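Since the structure comes first, as structure tokens, the remarks are kept for the end.
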Amino acid sequence: MKRIAPFYVIFAASLWAVDGIVLRPILSNLPVTLVVFVESIIVAILLTPILLKNITFLRNMNWRDWLAFGAVALFGGAIGTMAITKALFYVNYVNLSIVILIQKLQPAFAIVMAAIFLKEKLPARFFLWGSFAVAGAYFMTFGLSVPSIDASDKTTQAAFFALLAALSFSSSTVLSKRALKNVSFELGTYLRFAFSAVIMFAIVLSTGAMSELSNVSTEQVYIFILIAFTTGGPAIFLYYFGLKRITASVASVCELAFPLTAVVLEYVLRGRILNPVQWAGALVLFLSILKVTNIKTTRPET
């Protein structure tokens, strides 16, 4: 089982690329808030059997556990998912593989968050490789051109939302360490989507986005269901199943299937390919993130 464990991570990462490049852009005529709400509620309903099976474990949770899951849902399930969805909705203006590649900055943000909130000490080489990662992301996004300061520039907007998603997901990752303290990852996965659905329900009600449900086409209903059964809960389960059986360094290599699959799909479906300068930036980003992922931080003695 350990020999094939990396393939579970690779498959899950590839599914996320299919979500970003193929499936989610089909929903781009709908409000971002509505898309994230519908996705969250469908997955939460599908995972309800996990709640029923593990409902007794809820008694072991204290108010700090509930607060932690609320924060995970807010940053990962709501803000992060809305940000990456918004970035991917620029399908007609931006090479979407760039959006997904920028999201690979997430490990660097996660280490910074761990340093801030978990008091883990950052070694000097983190700043070296972190700087290379940022530089690689810049050249991959803009090439040799200077980015426009025009707020209407689609590439700049997409890059901003992708960075916001990476920052939000990394915050969620750090908070998840606290959230999963007293529950299994199966129940934790359900609670993450359930809390996200509640948060997004409040948002769509307050913004009036719920009225846009009537604009959801039959094709988009199928897309929502397909996302729920593939890139939603199931992909996360596959990822965690493989992650428990391999090291973090192996997982970081396997996760490169995410951006690599995205690049291939973007070329096959839309004929878009990175130019040489962007490829060089992507390579620098890849290598830097691999180095960052393998950096071990230390906690101060108490």
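None of the figures in this text is laboratory data; all of them are computed from the coordinates on show. Everything numeric in this text was worked out from a predicted model, so none of it was measured. Here the Cβ positions follow ideal geometry from the backbone for every residue, glycine too, while neighbour counts run over all protein chains shown.
For segment 1-145, the dipole from Cβ point charges (+1 on Lys and Arg, -1 on Asp and Glu) about the Cα centre works out to 440 debye, to the nearest 20.
Across all directions, the shadow cast by the convex hull of segment 1-160 built on its C-alpha atoms averages 13.5 square nanometres. Under the convention that each Lys and Arg Cβ holds +1 and each Asp and Glu Cβ holds -1, the size of the dipole of the chain around its Cα centre is about 1100 debye.
Ranking F193, Y8, S168 by how far each Cα lies toward the positive end of the dipole of the chain (charges on Cβ) leaves Y8 at the top. Across segment 13-107, the relative contact order, built from alpha-carbon pairs under 8 Å that are at least six residues apart, equals 54 percent. Given the options S184, L46, F229, identify the residue whose Cα lies farthest towards the positive end of the charge dipole of the chain (+1 on Cβ of Lys, Arg; -1 on Cβ of Asp, Glu). Selected residue: S184. Gap in Å between the Cα centre of segment 262-281 and the Cα centre of segment 167-221? The distance from the Cα centre of segment 167-221 to that of segment 262-281 comes to 31 Å.
Using the Cβ-Cβ distance between S211 and N60 with R0 set to 35 Å, the FRET efficiency from 1/(1 + (r/R0)^6) comes to roughly 0.30. Positive-end ranking of Y90, S214, Q103 along the dipole of the chain, with charges on Cβ about the Cα centre, is headed by Q103. Quick one: order M140, M113 by neighbouring beta-carbon count within 10 Å, fewest to most. Listed from fewest to most nearby Cβ atoms, that is M113, M140.
Of all the options P25, P276, P259, the one that moves most in a Gaussian network model of the chain with Cα springs shorter than 10 angstrom is P276.
Residues considered: G242, G130, G208. Largest GNM mean-square fluctuation over the chain, using C-alpha springs under 10 Å, is found at G208. Compute the Cα gyration tensor for segment 8-77, then decide on rounded, prolate or oblate, letting a ≥ b ≥ c be the square roots of its eigenvalues: rounded whenever a/c is under 1.5, prolate when a/b is larger than b/c in the other cases, and oblate in all that remain. Prolate is the answer for segment 8-77, as a/c is 1.5 or above and a/b outweighs b/c. When you restrict to C-alpha pairs under 8 Å that are six or more residues apart and normalise by the size of the chain, the relative contact order lands at 44 percent. Summed over qualifying helices (DSSP H, 4 residues or more, each -39500 (n - 2.57)) and divided by its residue number, the chain shows a 222 nm mean residue ellipticity of -21000 deg cm²/dmol. Could you please state, rounded to a whole Å, how far the C-alpha centre of segment 75-95 is from the C-alpha centre of segment 1-70? Cα centroid to Cα centroid, the span is 16 Å. In plain terms, the residue of V174, V198, V99 with the fewest other Cβ atoms within 10 Å comes first and the most crowded comes last, giving V198, V174, V99.
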